[in-house]
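*Asks:* This is the structure I want to talk about, given as structure tokens.
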Amino acid sequence: MEAQTGWGLAAGVASAVLFGLAAVAQARAARRLPSTDRLLDFVRHGLRDPLLLLVVAAYLAGFVLHAVAIWWLPIYLAQATVALSLPVTAVAAGRVDGRLPSHAWRGVLAVSLGLLLLARAAGPPGDVRADWWLPGSLALLLAALVLLAGAAPASRAALLGWTAGLGYAGSALAVRGVAWPLEPAAAVAALLVPLLGLVAFWLYSRGLAGGLVTTATAPMITAQTFVPALVGLALLGDGTRPGWWPGVALGLGLAVLGAATVRPAASPAQAS
């Protein structure tokens, strides 16, 4: 159990580093695309952009590592490792959007302490769920995100970050529905993993194109950390060490609140 947790944590942290660095490159690529308002146009232009294709390759490698973490760890811990990508993004984004103020470094510390606390409190992960309720719910989430995406202008970076986080949260949860052999419900869950990831990637790119990197990233990290954690604990059988429920709550709180404070200094005209 301890060896599995260690390897799962290592995979999660490695994925966070890849995600964090890729986010800054994604911002550069999204800001030079002709348009990110429509998904099909975004895909068409993105397939011709070498930098965006490199970002996709980095995300795919990070996703494989993150999937290992989801299978070997409780979802709340696997998702908390993703919160570490925000400090990486924030530091790297200093070359794009400005330096980090002192309060942002306190946020980095809070994220790190929250992850350590969650690692200490983690119990066994829940089982893979190959029944229909999970992919069915996530299919509804996918439809809602596609419908809502057109209503949010690119200038609303924080809102687009939140919706992208919900998409990535759904993709992470869909991984728990993929079992072998691929029964119909598991096949639908497997299909939803890339579909939710694609929509989330598009929404995040729109937020990055219209606002600061960390303005879009902080709410995205918060949503994709907190939502799967609650679902995993409430519905997927994720456990904690006996008596460590307060530690899980405190660790999640530190990771989420810390992520929300990690942003560079910016003028009012830059924020959105």
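Coordinate-derived values only; no laboratory data. Owing to the predicted nature of the structure, the values given are computational and were not obtained by experimental measurement. Glycine also receives a Cβ, built like all others from the backbone with ideal geometry; neighbour counts cover every protein chain displayed.
*Asks:* List the residues, sorted by chain then number, that are 5 or more residues from Thr240 or on another chain and whose placed amide H is less than 5 Å from its amide H.
*Replies:* Gly123
*Asks:* Per-residue counts of other Cβ atoms within 10 Å, averaged by peptide: what ranking do you get for 131-141, 108-118, highest first? Before the final figure, lay out the partial values.
*Replies:* Numbers: 131-141: 17.7, 108-118: 20.7.
Highest to lowest by the protection proxy: 108-118, 131-141.
*Asks:* Classify region 151-219 as rounded, prolate or oblate, taking a ≥ b ≥ c as the square roots of the eigenvalues of its Cα gyration tensor: rounded when a/c is under 1.5, otherwise prolate if a/b is larger than b/c and oblate if not. Let's see the in-between values first.
*Replies:* On the way: a/c = 3.99, a/b = 3.06, b/c = 1.30.
Because a/c hits 1.5 or more and a/b exceeds b/c, region 151-219 counts as prolate.
*Asks:* So what is the relative contact order for region 123-208, in percent, with contacts set as C-alpha pairs under 8 Å and at least six apart?
*Replies:* Reported relative contact order: 42 percent.
*Asks:* Something else: At a threshold of 8 angstrom on Cα-Cα distance, excluding pairs fewer than six apart, so keeping six or more, what relative contact order does region 2-261 reach in percent? It would help to have the intermediate numbers written out before the result.
*Replies:* Details: 461 pairs, mean separation 75.4, N = 260.
For region 2-261, the relative contact order is 29 percent.
*Asks:* Eigenvalues of the Cα gyration tensor times 5, then square-rooted: what semi-axes does that give for the chain, in whole angstrom, largest first?
*Replies:* Those come to 28, 23, 15 Å.
*Asks:* Same structure, new question: Which whole number of Å³ per residue matches the convex hull of the alpha-carbon atoms in region 1-151?
*Replies:* Given the Cα convex hull of region 1-151, per-residue volume reads 140 Å³.
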